[in-house]
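In what follows, a structure is listed as structure tokens, so that the remarks can point back to it.
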Amino acid sequence: MAIAEMLRVTIVGLVEDSVRITEAIHDKGVIQIETPITEEPEKRLGEVVDLNSRALETDSLVSGLKSAIDFMDRQKQVKKGALGTFIGWHYRIDEDGYNRFVAGGEARAKEIAELCSAQESLINDINNELKRIDSEIEQLRPWSSLTLPASELHTLKRHDFYFLSNENAKKSPELGEIASGLGADIAYADLGSSGNRRFSVVALNKEDAPEALRKLSSMGFEQAQIPESTLPPALEIKRLETRKEELGRALSEASGNALKLCEMRPEAYCLHDHFANEKARLEAAGSFLSTESAFVLDGWVRKDRLEGLKKAVYSAAPTAVVMTRQPEEGEDVPVDLVNKGIFNPFEAVTRIMGLPKQGTIDPTPLLAVFFFIYFGTCMGDVVYGIIMTAIGILMLKKLKTAGMGTQLLQLLVVGGIATVVMGVMFGGYFGDLLSKYIRPLWFDPMSENGPLIFLGFSFGMGVVQILFGMAIKAWDNARNGRWLSAIYDQGFWVLLLLGVGLLMGGGALGPGFSSAGKWMSIVGAVGLMLTQGRHHKNPVVRLGSGIVSLYNITSYMSDIVSYSRLFGLGFTSIVIGMVINYMAKMMLGIPVIGYVLFAALLIFGHMFNLFINITGAFIHSSRLQYVEFFGKFADFGGSKFTPFRRFNKYVDIDFKEAN
């Protein structure tokens with residue numbers, strides 16, 4: 001239950017063994033490879049063995065398969081379900097099936113990519129032609145009353161024909177009214193209108209055409225272009241519609257063939273992930289420092305997994321050498337958390353915040369009990385807890401998850417158990433539905449003094465956790481030889497805070513407690529005034545800094561008040577549950593369907609309350625750890641340990657034996 005100890009590891013091997021060693025460490029997945037940055041250009045293994053070109057070829061295969069998968073998804077979506085969409089969906093396949101698919105190798109990968117690419121091109125070509133035909137029909141339709149092909153109207157020597165349209169047909173004069181004013185010989189024919197737009201064809205002398213067109217333009221007539229054809233517009237439209245029907249049948253056939261290609265999707269998934277991992281291996285190996293005969297790679301490995309790494313490397317290449325050393329001062333050592341058993345689910349809470357620095361404290365086991373109590377307090381209902389636990393267990397059995405995904409589902413189960421425990425303490429069973437039959441083990445938040453007890457409990461948990469955080473920091477200072485810091489920076493503050501608390505409320509416990517609180521407050525305050533400015537050389541500044549530091553007591557008080565959110569969320573959950581029960585009971589007065597409405601409102605109302613409060617309980621329980629608790633001792637900012645391992649984007653492989 002700590003931060004994993006890391007070792008710097010160096011592997012030296014022969015160039016001819018490089019591929020086998022890289023595959024071995026990739027399959028083992030326990031080493032984080034570090035690419036060295038050197039002042040002088042160094043030869044890389046990719047230049048010696050030409051791994052770089054192979055990586056590019058593999059990248060081309062991966063890109064082709066990705067395009068093929070995307071094409072299949074556009075034809076037929078995979079049913080992932082709401083849960084699969086939320087936590088990530090993978091195609092599950094056994095090891096034999098996976099090996100059978102990837103046995104096809106590059107040839108099969110290229111074949112799938114080419115088949116999908118060709119079918120996609122065919123579909124795109126058909127769709128593009130359909131769009132072109134629709135556009136031409138749209139352009140030709142206004143001129144369908146023209147009995148001659150448009151191409152034949154451009155064959156005269158002295159005259160030209162022009163197609164005109166006028167958008168404001170109702171407001172503009174007709175051609176017959178303005179023909180005499182054009183100052184040119186003109187012949188025209190109205191071809192009809194569509195909406196407010198009127199369409200015409202005019203014949204003009206070639207010499208007079210420019211000036212006549214200018215005048216027509218000023219009156220709202222615009223030249224229109226229609227597709228060239230050897231047929232009159234009406235017959236051309238008919239021909240295009242016939243062609244459109246043919247293309248529709250071709251598109252239907254092409255789409256059917258595309259759906260058949262979707263049957264290759266599992267194979268494409270496997271091949272994609274296979275070659276994506278091969279690409280990662282080639283790129284990693286290509287970055288190793290190398291001579292003509294040997295190569296070297298550096299990285300980080302967890303100390304508890306060193307022997308497994310050595311075994312994998314020596315099995316792949318007996319002549320290789322694996323060397324390790326302790327981290328040196330100033331090195332950026334990656335961080336990996338190790339929490340087993342009941343503490344493992346709570347690691348997700350820490351990881352959402354970030355990672356502590358190497359050599360500091362892992363807060364995961366320290367927050368576990370507090371998070372458990374806070375989450376249960378915010379929910380506080382036995383039935384809610386049973387539902388949460390059942391859902392979490394079911395999801396863990398049905399879904400194949402790893403890492404934080406598994407931890408979050410486990411945390412849901414733990415949160416359900418916490419909700420049951422605190423529900424028993426508060427007497428919450430679907431709100432107050434069973435309050436007449438089952439009494440709370442501790443107190444009823446809705447009783448006369450219940451809210452005050454609830455609020456006091458929330459503040460009390462805040463005091464305990466904040467003092468616990470300060471104690472952890474004091475211990476950390478002491479174990480690192482900073483005994484004076486433990487006394488000055490934590491000890492005096494604890495004295496002052498406890499003293500103020502006893503001074504304010506100790507009278508309820510007895511007169512001696514108030515007196516003890518007064519002297520504890522004095523000792524703590526004086527100690528802080530004399531020590532908090534100890535880093536200043538000037539005695540006046542030192543004392544002034546100490547006095548000013550006492551203002552930080554408001555920060556501690558603010559932290560304690562922040563725990564009132566436990567009361568707020570828990571009380572809100574209870575009240576909403578009671579309101580739902582009240583509304584549901586009102587339905588019982590309705591004849592015949594009253595019981596149906598009662599059950600429906602009860603179920604849906606409480607499910608809404610449950611899922612809304614799960615979010616709030618998790619967020620605020622986590623927030624109290626991140627701000628009020630971690631701020632007292634934790635030192636975040638560590639670099640995540642990212643071992644070089646297999647990553648499958650599409651498939652989950654059920655291996656016969658775990659590696």
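How far, in nm, would the chain grow between ARG439 and GLU329 when pulled straight, counting 0.36 nm per residue and subtracting the alpha carbon separation? Don't skip to the end; give the middle numbers.
Numbers: separation 110, 0.36 × 110 = 39.60 nm, distance 5.98 nm.
Result: 33.6 nm gained on full extension.
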**Heavy atoms of GLU211 accessible to a 1.4 Å probe, total area in Å² rounded to 10** = 80 Å²
**Complete:** For the chain, longest principal axis from Cα atoms; helix 564-586 axis from its Cα atoms; angle between them, nearest 10 degrees, is 60 degrees
**Request:** For the stretch 527-656, calculate the relative contact order in percent as a whole number, restricting contacts to Cα pairs under 8 Å that are 6 or more residues apart.
**Result:** 16 percent
**Fill in**
HN-Hα couplings for the stretch 433-441 via Karplus (6.51, -1.76, 1.60; θ = phi - 60°), in whole Hz with x for Gly/Pro, come out as 4, 10, 5, 6, 10, 10, 8, x, 6
**Fill in**
Scoring the stretch 305-446 by relative contact order with C-alpha pairs under 8 Å, at least six apart, yields a percentage of 22 percent
**Request:** Per DSSP H run of at least 4 residues, take -39500 (n - 2.57); add these up for the chain, divide by its residues and hand me the 222 nm value, nearest 500 deg cm²/dmol.
**Result:** -18500 deg cm²/dmol
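Under the Kirkwood approximation for Rh and a Cα-based Rg, what ratio Rg/Rh is obtained for the chain?
With Rh from the inverse mean 1/r over Cα pairs, Rg/Rh is 1.17.
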**Message:** Please report the spacing between the Cα centers of the stretch 523-555 and the stretch 405-427 in Å, no decimals.
**Reply:** 44 Å
**Prompt:** Distance from the Cα centre of the stretch 308-345 to that of the stretch 564-615, in angstrom?
**Reply:** 52 Å
**Asked** For the residue pair MET557 and LEU148, what label-to-label distance in nm results when each label sits 7 Å from Cα along the Cα-to-beta-carbon direction?
**Response** 9.9 nm
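Using Cα-Cα distances under 8 Å and only pairs 6 or more residues apart, what relative contact order does the chain have, in percent?
Reported as a whole number, the value is 23 percent.
Take the alpha carbon atoms of the stretch 559-659, find their radius of gyration, then divide it by 2.2 N^0.38 Å using N residues; give the quotient.
Details: Rg = 23.2 Å, N = 101, 2.2 N^0.38 = 12.7 Å.
This ratio for the stretch 559-659 stands at 1.83.
Given the Cα-Cα distance of ALA103 and ILE342 and 0.36 nm per residue of separation, how much length would full extension add, in nm?
On the way: separation 239, 0.36 × 239 = 86.04 nm, distance 4.20 nm.
Stretched fully, the ALA103-ILE342 segment lengthens by 81.8 nm.
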**Request:** Measure out, as a whole number of angstrom, how far apart the alpha-carbon centroids of the stretch 246-306 and the stretch 490-510 sit.
**Result:** 64 Å
**Request:** Treating the angle as unsigned and between 0 and 90°, give the value, to the nearest 10°, between the Cα long axis of helix 450-479 and the longest Cα principal axis of the chain.
**Result:** 80 degrees
**Prompt:** What FRET efficiency do you get for LEU396 and VAL15 if R0 is 35 Å and r is their Cβ-Cβ distance, rounded to the nearest 0.05?
**Reply:** 0.15
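For the stretch 14-150, take N as its residue count and report Rg(C-alpha) divided by 2.2 N^0.38 Å. Each step should come with its number before you reach the end.
On the way: Rg = 25.4 Å, N = 137, 2.2 N^0.38 = 14.3 Å.
Taking the Cα Rg and dividing by 2.2 N^0.38 Å, one obtains 1.78.
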**Asked** Dividing the Cα convex hull volume of the stretch 180-280 by residue count, how many Å³ per residue is that?
**Response** 263 Å³
**Complete:** Relative to the chain, whose Cα atoms define the longest principal axis, helix 105-140 and its Cα axis are tilted in degrees, nearest 10, by 50 degrees
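From the protein chains alone at 1.4 Å, what is the descending order of accessible area for ARG44, ARG645, ARG482, largest first? If you can, show how the numbers build up before the last one.
On the way: ARG44 50, ARG645 120, ARG482 100 Å².
Ranking ARG44, ARG645, ARG482 by accessible area, largest first, yields ARG645, ARG482, ARG44.
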**Prompt:** Label points 7 Å out from Cα along the Cβ direction at ASP125 and LEU550: separation in nm?
**Reply:** 8.8 nm
**Request:** Please give the FRET efficiency for SER255 paired with LYS66, using the beta carbon to beta carbon distance and R0 = 30 Å, rounded to the nearest 0.05.
**Result:** 0.90
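Efficiency by 1/(1 + (r/R0)^6): what FRET value for THR291 and GLU5, r their Cβ-Cβ distance, R0 = 35 Å, to the nearest 0.05? Spell out each step's value before the answer.
Values: r = 32 Å, r/R0 = 0.92.
According to the calculation, E is roughly 0.60.
The values are calculated or read from the model by the stated rules, or taken from the named source; none is laboratory data. Given the structure is predicted, the values throughout are model-derived calculations rather than measurements. Quick reminder, even Gly has a Cβ in these numbers, built from the backbone with ideal geometry, and neighbours come from all protein chains shown. The area values use the complete protein model at the heavy-atom level, side chains included, leaving out ligands, DNA and RNA. Shrake-Rupley method; radii C 1.70, N 1.55, O 1.52, S 1.80 Å.
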